[in-house]
1. Can you give the accessible area per residue of the chain, in Å², using a 1.4 Å probe?
2. Could you tell me the distance between the Cα centroids of the stretch 185-199 and the stretch 286-325, to the nearest Å?
3. Mean-square fluctuation check for the chain, GNM, Cα pairs under 10 Å: which of I315, I307, I111 is largest?
4. In Å, what is the Rg of the alpha-carbon atoms in the stretch 71-160, and how long is Dmax?
5. Return one number: the angle in degrees, 0 to 90 and rounded to the nearest 10, between the long axis of the Cα atoms of helix 257-273 and the longest principal axis of the Cα atoms of the chain.
6. Please report the antiparallel percentage of DSSP beta bridges with both residues in the chain, rounded to the nearest 5.
7. Tell me the angle of helix 121-172 to the major Cα principal axis of the chain, expressed in degrees between 0 and 90 and rounded to the nearest ten.
8. With a Cα-only, solvent-free Debye model of the chain, what are the log10 I(q)/I(0) values at q = 0.10, 0.11 Å⁻¹?
Amino acid sequence: MNEQMTYQHLESIVGMMPGNVYWKNRQGVYLGCNDNAARLVKLSTRHEIIGKKLSDFVPVEIAHQIEKIDDEIMARGEMTTVEENAFDLDGNPAIYLTRKVPLKDSDGSVIGLVGISVDITELKQTEQQLREAKDKAELANRAKSEFLRNISHDLRTPFTGLLGLSNMLYEQETDPIKKEHLGYLVESAQTLLSIIEGVLSLSMVEAENQAIKTTTFNLHELMKKIINLLKLEAEKKQLDLKISIDHQLPVTMVGDAVRLNRILLNLLSNAVKFTEQGSVELSVHMVSQTKNKIKVLFSIKDTGIGIPANKYRDIFKSFNRLTPAYEGVYPGMGIGLYIVKKFVQQLKGKIWVDSKLGEGSAFYCELVFAK
Ligand code: ADP
């Protein structure tokens, strides 16, 4: 009685199993299946499958393909998961993910195979649609970057001319009122040019084919040049602009000086921009060195407005600013740090920030150079 109960239980458990479950002998003759599998091949009861072959239900070519795979799995004697093309309940083409497990007797010889399969057609379609959408989005993004690069490049040329000319007029003008107006013109042209430069750098940094250009450069000269570029701005605000170079460092190093220049210039001009009084310091230290390589830590410290700790991550995202430009206090587009981070990543370095609101900020950038 008990045994009878167990058998009935097993029968109904097998019948109700999810997915399509079937088992067959080495010759590919079905020995049983669950209710779902029976329904799929239009049988009214699942026991009707016994003695049938796959070719009784699907076109011969498809049956052959699947049986060939089954034979290989039985010959290897190992469980395998495969994707199979067959049909769904309505007879429409469908893709199944099937786990095929060789059935073994007590001696370990393979006597057949159990298959458990689920219809993954919808999943596959969604996957395909996602892939297509991603490709489209990437294409559109590339086109946008290309467009930005072209337009900002074309804009830069006439703007440089405009700036040069208005600068010349400003220098020559003796009438104080006219000179003041020309001063505004120069300033506006300068601001516009720096916006164009920003967009150009952004599209350049996003272009995938930006190769790393390695040259031998003089670290002292590079740092001094950057400091010189910001001297005027710092003097205007009466900031103490300092530079400090670790004497352990070699004078020349080998690496991408163009990217390093951009990184330091961006960080330093931010430091000057966001500091109203006190100092801005650019310093460089040696972290470690091997026979050929040297790890260097650049720090850019200021005594400016500071950055709240919960914004450390946000400031490195593109177009992210803590003080909106439209308020006019600190102009900028919010792409400087995004570009810096991209460049640091391309150079396989690290960048992080440490700051206290109202007390100042310190940006650290660790990079490896060749000696
Ligand atoms: P931008 O300077 O054009 O706004 P960035 O990407 O260089 O863009 O900087 C993003 C934001 O991070 C800035 O708008 C500012 O809010 C904050 N930030 C960057 N550097 C500093 C700094 N040295 N001190 C205070 N805030 C800073």
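1. Per residue, the chain has 61 Å² of solvent-accessible surface.
2. 25
3. Of the options given, I111 has the highest mean-square fluctuation.
4. 25.7, 86
5. 70
6. 90
7. It works out to around 10 degrees.
8. -0.76, -0.83
The values are calculated or read from the model by the stated rules, or taken from the named source; none is laboratory data. Computed from a prediction, not measured in an experiment: that's the story for all the values here. In this analysis, Cβ positions are derived from the backbone assuming ideal geometry, glycine residues included, and neighbour counts consider all displayed protein chains. Remember, those area values only see protein heavy atoms, side chains included, never the ligands or the DNA or RNA. Shrake-Rupley method; radii C 1.70, N 1.55, O 1.52, S 1.80 Å.
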